[in-house]
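Throughout, read-outs are computed from the coordinates displayed, never taken from laboratory work. Source: prediction; values computed, not measured. Cβ sites come from the backbone with ideal geometry, for glycine too, and all protein chains shown count toward neighbours.
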Amino acid sequence: MNQFNMYEPEIILMLSSFRGKEFNNKIEYFYSLMYQGGVDYRHPSVLTTNLYVSKNIRHNILETLRNPNRTIEDIKDIGKKLYQEFIPERIREEIERLDIDLKLSPVILLVTDDHEIPWELIFDDKFWSLKYPFGRIYGEPYRRFERPLSALDIIKLDSDKRRKAVLISPCKDLPGAYEEIKNLEELFKQINEIGEIKSLVNEEAKESNVIGIFASNDYDIIHYAGHGKSVLYNQDNKYIESISAAIELFDNSLDDIRIKQLKLKNKPLIFLNACETADGIFVGDKTENLATSFIHAGASAVIGTLWKVSDNIASKFATEFYKSIVKEKPFGISLMEAKKIINALREDNKNLDWASFILYGFPTRKMLTSSNITQIVIEMSDRKGTLAKVVKVLSDLKINLIGSKSLTYKSGERAGYIAEIQLPKSITFKKLSEKLKGSLPNDIFFKVREQ
């Protein structure tokens, strides 16, 4: 594998969808579409619009989704309704223009506060989750989104370190989950980039051990195979019940309230192979779930499910996903490819397990496993043409640009640019600095540092 032939999407779309007020049996949604890429699309970088969605249509979509007897035609019908009723015409036209007319390959990041809606099942001529690398994150309306939209979301690996993985299965009543853990153990043993594998099975998956794993901040991959469930709480003995989502441990459960209190400083990838870990529940006026709770706690990405998945398919899906990410493919690509593989195994209209898995986190994020490259940041001053000149130098040196963004002062005024790159061991800091210094005007400030 050419480690510098990294995935670089032609365009990254950030689609925002936020719920507004309800009236006359309708819900108002506010939308925006932003994109970034290397092509001059001759269109505004932001499209904003709103849409009114019937509460009955929304209710029927969710009822069908949660019907255990649903078929592939039911899921397609849901997808078509989502496309027609939940995606404004202007945004549909823009995505079609990029995809069909310009033949680009968009990556879609959805920012939303409505996690009950199965956005990944949107269907035009094909399901979006089989067509585009797709990830979603929690967002709030009117809150500025400052995270850069680029493939610079890389989980860093020290040059002398290999990945650590922990596999958790607390449920004796799920023999398929136990087999899944054993299969993943064998898979990870064959992957040179994973240097340590720890398994907590049955009694070993008790609360104190699992909390200890999260608190250690020592594991890059945390895989859970077990039960997801809802928990009812009474608040202050006033018989006011609230619903919380939880994963089952051997001697207790770990709910979303406690999950949010975790401090996952090493930003692990978490795979929740349990029932409905990504299905939304209402918290106040927002919808959240176990996946969003782990993101709040600091996870870099979470794979969850919208509905119950068969043990056999769950194990196969996880295996295909992990095979892909250790090849340094982005999480969005890895998830999409795993879905396509599992979908190809479908022999009837009832096996829809491939559609259940969704990604919370940036679809461009990848797990860097090679020790032959170093993540570098170049800071530069604000001057027209500066970034283009730097990119030209990097291209001449055959250095992979991961992404770039603007730097701003607190006042909002632009202060300069920052570019993230992957520097091969064959090129030193000194050589890169000298090349930049010889290629840039003397009055342009720049600084090279390790990320």
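What to note about this one:
- Structure note, pairs Lys55/Lys260; Lys131/Lys260; Lys260/Lys339; Lys103/Lys131: Cα-Cα distances above 24 angstrom occur for Lys55/Lys260; Lys131/Lys260; Lys260/Lys339.
- Potential lengthening between Lys189 and Lys21 on full extension [0.36 nm per residue; Cα-Cα distance subtracted]: 55.3 nm
- Gain in span if fully extended, Ala344 to Asn266, counting 0.36 nm per residue against the direct Cα distance: 24.5 nm
- Taking His223, His296 and counting other C-beta atoms within 10 Å, the order from fewest to most: His296, His223
- On full extension, the segment bounded by Ser426 and Ile211 gains 73.2 nm, given 0.36 nm per residue less the C-alpha separation.
- Label point 7 Å beyond Cα of Thr49 along Cβ direction - residues of segment 94-121 with amide nitrogen under 16 Å: 94-99
- Measuring between alpha carbons in the structure, the pairs from Lys182/Lys323; Lys172/Lys263; Lys76/Lys126; Lys263/Lys366 lying more than 19 angstrom apart are Lys172/Lys263; Lys263/Lys366.
- Look at the dipole of segment 11-138 built from charges on Cβ: of Phe86, Val46, Leu102, the Cα furthest out on the positive end belongs to Phe86.
- Each label was represented as a point 7 Å from its Cα along the Cα-to-Cβ direction; for Ala388 and Asn69 these points are 6.3 nm apart.
- Sorted from longest to shortest, the spans of the Cα atoms of segment 11-138 along the three principal axes equal 44, 33, 23 Å.
- For Ser216, neighbours were defined as the other residues whose beta-carbon sits under 13 Å from its Cβ, and their charges (Lys and Arg +1, Asp and Glu -1) total +1.
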